[in-house]
Amino acid sequence: MLRIGRRFLCQIQIQHARHCHVPSSSISNPRLRLLTTMATPVASSSEPPQTAPTQDAKKAKETKEKKAKPAAASAFPLELQPPPAFFDHRLKIFEKLKAEHDEFVKAQPREDIIITMPDGSERKGKSWETSPMDVAKEVSKSLSERIVIAKVNGELWDLERPLEGACKLELLDFEHPEGKRVFWHSSAHVLGEASERHYGCHLCLGPPTDDGFFYEMAIEDRPVSATDYPALEKVSEAVIKEKQKFERLVVKKETLLEMFNYNKYKKYLIETKVPDGTSTTVYRCGTMVDLCVGPHIPHTGKIKAMMITKNSASYFLGDASNDSLQRIYGISFPDKKQLTEYKAFLVEAAKRDHRRIGKDQELFFFNEMSPGSCFFLPHGTRIYNTLLEFMRAEYFKRGYQEVISPNMFHSKLWETSGHWQNYKDDMFSLDIEKETWALKPMNCPGHCIIFGSRDRSYRELPLRMAEFGIIHRNEASGALTGLTRVRRFAQDDTHVFCMPSQVEDEISALFDFMQHVYGTFGLDFQLELSTRPDNFLGEIKTWDHAEDQLKNALEKQYPGKWEINPGDGAFYGPKIDISVRDSLRRSFQCATIQLDFQLPERFDLKYRGEDTTNPETRPVMIHRAILGSLERFIAIITEHFAGKWPFWLSPRQVVIIPVAVPYKDYASQVCERLKSVGLFADVDNGSDTLPKKIRNGEIAQYNFIIVVGEEEMNTQSVNVRNRDDIGSKVRAETIPLDEIAAKLVALKSSRSLHNKL
C-alpha cells in the first residue's frame, strides 16, 4: 500500500478545509473524493410528520421478510485459479532482495546500546539484533501480546525490526491513536491481499481512515457488490489464520518499476513521487507485495476480528479526469468483543443518521435540480433560525458587529487574496461580459474590503466583524453527503482585526465563546494546532511568530490538553482546529481559529496607531468560526440529540390535544395563547382517538403534550405530559394556562438541555 508519508498524501488528496473556516468531515478520510448517494428527497409540509407503522404492521413486515429468499451468493470462485502471474513476478524479485538484505544485516557489527523507556528507565540491547518486541517481552508477556507498533526516537518503527543504535523507545497498543492507525493500515494490506486473490485486481491506494480503512482498485471485468463481502472476509480470515509476517525492504526506484510493471497506477506513483536515484520501501505479507512506507504490526494474526463495511466508486488520485476505480472499506480489531460493540454502534448510528431523521421529521431534503444545496422545510428552518438567533444574541453580548458582503466578486479580488492560486478549482467561476467572476467560497476577502473602505484608528480595535454569509464551494458530486458535505452553505463567520498586542486576549475571548457555545449543546471538544503547510504565503519568520502566539494561547488556556498537527495550516496562516465529540463519542471538526498576517499585507490594510512617529500600522486578522457550516452543525446536533431536540431548539415544542369534540375550541385557544408568547405550538383537532393522538405527538417528538377537557376548560388550565417521562401513563395535575405559558417561556430562555419545567 502506498504510504510515501503525510505530505505526499496531502498532495494527492482533495483538500476542503485547508484554506477556509469550515472543515470537511472527520469521520473517515474526507479528502479523497468519493462517489456516494445523496439523501432521498421528501415532500414539503409544515404539518407534523406521518406516524410510524403500527405494531401489527411491523409484525406483518417482519414475517414477510423472514419468508423472503436470502440474498444471492456471489457466482464467482473464492480465489482465482491459477492466481495472477504478477504474484510470482513480484515474489521472485522480493525474495532475491530479501536474501541480500538478510546478508547485509548479518554483516553489521553488534554493539552494546542503551534503550531509554518513556519512564526514564534504561535497558540494554545489541544494535542490529535487539528489536522493540524483544524489549517488550523482557518487560512482560502481556505487554508483548498487547502492543502493535513501536516508536523509536519519535519515529514509528516495526516491532520486529532491529534497532540500529541507542534510542528512546515507546511501545504503543491499539488504543493509542497512532497504534490504531497502524493496525488499520496493516488490515488494509490484508484486504488488499484478499482482493488480489479474489478479483485479480490492480491495487492503487489503501490508507487507514478515522474509522477503519479502505483499499481502492481497478477491476476490469466486474463491479464490486455486497455479495462479494463473504468471500473477501473468508480469504481475509485465511490470511489472518496464517499469521503472515509483514516484511520490510528498501528498494531502488528502477527495481520498483520492474517489480510493479504490471500495475500502471503503482508505476505512476513511483515515477512521479520517488525521485530518480532514490529508494522507498515495500512490504510483503503472504502473496502480496506492496509499495508502502509502513510501518506494520508484526503479523496478520494480531487481527482477531475484521469485517467489510461498504464499497463505493472513486477516481484515481481523486481526479474525475482519471480512471474510475472501486473502493472497499473495512474495519478490524484486536479483540472480537470490540467488533461486536462496533456493530451495536453502527445500529445506533443508523438510527441517529441525520438524513433519516431529516426525512422522518420533515426538516430538509435535497433535489437533483440543485445537487449539494439543501432545501430547508418549515420545521428545519425553525432550527436554522434558532441557531442564528442564539449566535446573534452572543454577538451582541461580546461586542461583535454584523455585516453583509456580496456573494460574487471579480477574480482580481481572489488573485489579491491568494485564493485564485490556491483554491480556484474549488470555486464556482462565471464569465460575465468577458470578465471572470466567482461565487465566494469564504467571507474573509470581503471583510478585508470592508475594513479598508475608510481610515481606521487604533481606538476602533479590536474590530470584530461577523457575517452569516452564504458561500459556495465546488465539491465533486460524488463527495456530497447529506448536510455534512454540501456546495451551498452558511457559516457563522467572524474576522477580528486587532493590534498585535491584543492577539492573546482576543484568542482567550474566543476560547471562552467556544466553550459557552459547545457547552450549551452538551458537546465537549479537542484542540489541534495546525502549522505551516507546503503552499504557505509570506515569510517563515512571520509564520514562526504566529505559531508561537497560538501555542502560548493554547498552553495558557488548555495546558497539556492540545496536540500539534504539522503542515495542515491554511495557506495564509496557522490555525487551531477544534473537534467536537457527540453523544456517541464521534469526533467532528467544527470550529477553527486562524491567525493571519498575510491578508492584511496583501490588501494593504492599515490603522492609525497611537504612536505619532509611526502613523500607520498593519492589523492582525483572526479568522474564527464556531458552529462552522450551519448545515453541517445541524447534521451533527441532529445525530447528537437523535432527533429529540432540547426545548429551546425544538421545531415542535408543544402539541395541544382535546379529549373530545366539545373541547376543540378551547384546544385552539390554548394553542394561540402559547404561540402569542413565541412558542412553536400545534393543535391536533383531527378525528383520531385520544390515545392515537398522544402517540402521534410522542412519535413526532413534541417536547410537551397538553391534554385539555372539561375540567381544564372550566378552570382555564391544562394537563401536561413531558416527552421524556417515558412510560408514564398517570394523569398529571392541571396547571393554570398563564402559569404553563410562563414556565415554557422560561425553559426556552434558559436553553437547558433538560426537558423539565
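The values are calculated or read from the model by the stated rules, or taken from the named source; none is laboratory data. Since the model is a prediction, treat every value here as computed from it, not as a measurement. So basically every Cβ, Gly included, is an ideal-geometry build from the backbone, and we count neighbours across all protein chains shown.
Looking across K412, K397, one residue alone is exposed (fewer than 15 other Cβ atoms within 10 Å of the Cβ), in contact with a Phe, Trp or Tyr (Cβ under 9 Å, 6 or more places away or on another chain), assigned by TED's automatic domain parsing to the domain that holds F597 and free of Cβ contacts under 8 Å to residues at least 24 places away in the same chain. It is K412. If the condition is being surrounded by fewer than 22 Cβ atoms within 10 Å (Cβ to Cβ) and touching a Leu at 6+ places or on another chain (Cβ under 9 Å), then segment 604-629 contributes L605, R618. Only one of these conditions is not met by S332: (1) at negative phi; (2) outside any strand (DSSP E or B). Which number is it? Exception for S332: condition (2). Residue pairs whose Cβ atoms lie under 6 Å apart, sitting 6 or more positions apart in sequence or on different chains, and linking a residue in segment 443-468 that is touching a residue at least 12 places away in the same chain (Cβ under 8 Å) to a partner that is among the small types (G, A, S), are N443/G469; P445/S417; G446/S405; Y458/G609; R464/G399; F468/A490. Please go through segment 142-173 and pick out each residue that is within 19 Å of F246 (Cβ to Cβ) and not in a strand (DSSP E or B). S144, E145, R146, D158, L159, E160, R161, P162, L163, E164, listed by residue number.
Yes/no per residue for (1) in the same structural domain as N565 (by TED's automatic domain parsing); (2) in a helix (DSSP H, G or I); (3) of a type in the set (A, V, I, L, M):
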| site | (1), (2), (3) |
| --- | --- |
| W184 | no, yes, no |
| A188 | no, yes, yes |
| L191 | no, yes, yes |
| A194 | no, yes, yes |
| H198 | no, yes, no |
| F214 | no, no, no |
| E220 | no, no, no |
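Cβ separations smaller than 7 Å between residues 6+ apart or across chains give the following pairs from segment 695-721 residues that are under 30 Å from K359 (Cβ atoms) and surrounded by fewer than 18 Cβ atoms within 10 Å (Cβ to Cβ) to residues that are of a type outside the set (V, I, T) and at pLDDT below 95: E698/R723; I699/A52. Please list, ordered by first then second residue, the pairs with beta carbon atoms under 9 Å, 6 or more apart or interchain, first in segment 129-155 and more than 28 Å from A107 (Cα to Cα), second among the aromatic types (F, W, Y) and not in a helix (DSSP H, G or I). Once the first residue is more than 28 Å from A107 (Cα to Cα) and sits in segment 129-155, its partners that are among the aromatic types (F, W, Y) and not in a helix (DSSP H, G or I) give R146/F174; I147/F174; V148/F174.
Taking the numbered list (1) closer than 20 Å to W645 by Cβ; (2) touching an Asp or Glu at 6+ places or on another chain (Cβ under 8 Å) in turn, H410 passes all entries but (1).
Those residues that are farther than 15 Å from L537 by Cβ and in contact with a Ser or Thr (Cβ under 9 Å, 6 or more places away or on another chain), I need them from segment 584-609; list them, please. Those that are farther than 15 Å from L537 by Cβ and in contact with a Ser or Thr (Cβ under 9 Å, 6 or more places away or on another chain): R586, S587, F588, Q589, C590, A591, T592, K606, Y607, R608, G609. F489: touching a residue at least 40 places away in the same chain (Cβ under 8 Å), within 23 Å of R355 (Cα to Cα) and touching an Asp or Glu at 6+ places or on another chain (Cβ under 6 Å), yes or no? Criteria met by F489. Do the conditions hold for S579, that is, is it among the hydroxyl-bearing types (S, T, Y) and either buried (at least 22 other Cβ atoms within 10 Å of the Cβ) or under 29 Å from A642 (Cβ atoms) (or both)? Spelling it out, S579 is indeed among the hydroxyl-bearing types (S, T, Y) and either buried (at least 22 other Cβ atoms within 10 Å of the Cβ) or under 29 Å from A642 (Cβ atoms) (or both). All told, T715 falls short of being more than 20 Å from K644 (Cβ to Cβ) and in contact with an Asp or Glu (Cβ under 9 Å, 6 or more places away or on another chain). Looking across segment 422-462, the residues that are assigned to a loop (DSSP other than H, G, I, E, B) and either over 12 Å from S405 (Cα atoms) or of a type in the set (D, E) (or both) come down to M427, F428, E433, K434, P441, G452, S453, R454, D455, R456, L461, P462.
Is there a residue in segment 337-344 that is among the basic types (K, R), surrounded by fewer than 16 Cβ atoms within 10 Å (Cβ to Cβ) and at pLDDT 95 or above? Looking for residues that are among the basic types (K, R), surrounded by fewer than 16 Cβ atoms within 10 Å (Cβ to Cβ) and at pLDDT 95 or above, one finds at least one in segment 337-344, hence yes.
Just for segment 132-172: of the residues that are among the small types (G, A, S) and closer than 24 Å to F333 by Cα, which one is farthest from the chain's Cα centre (by Cα)?
Filtering segment 132-172 for residues that are among the small types (G, A, S) and closer than 24 Å to F333 by Cα, the one farthest from the chain's Cα centre (by Cα) comes out as S140.
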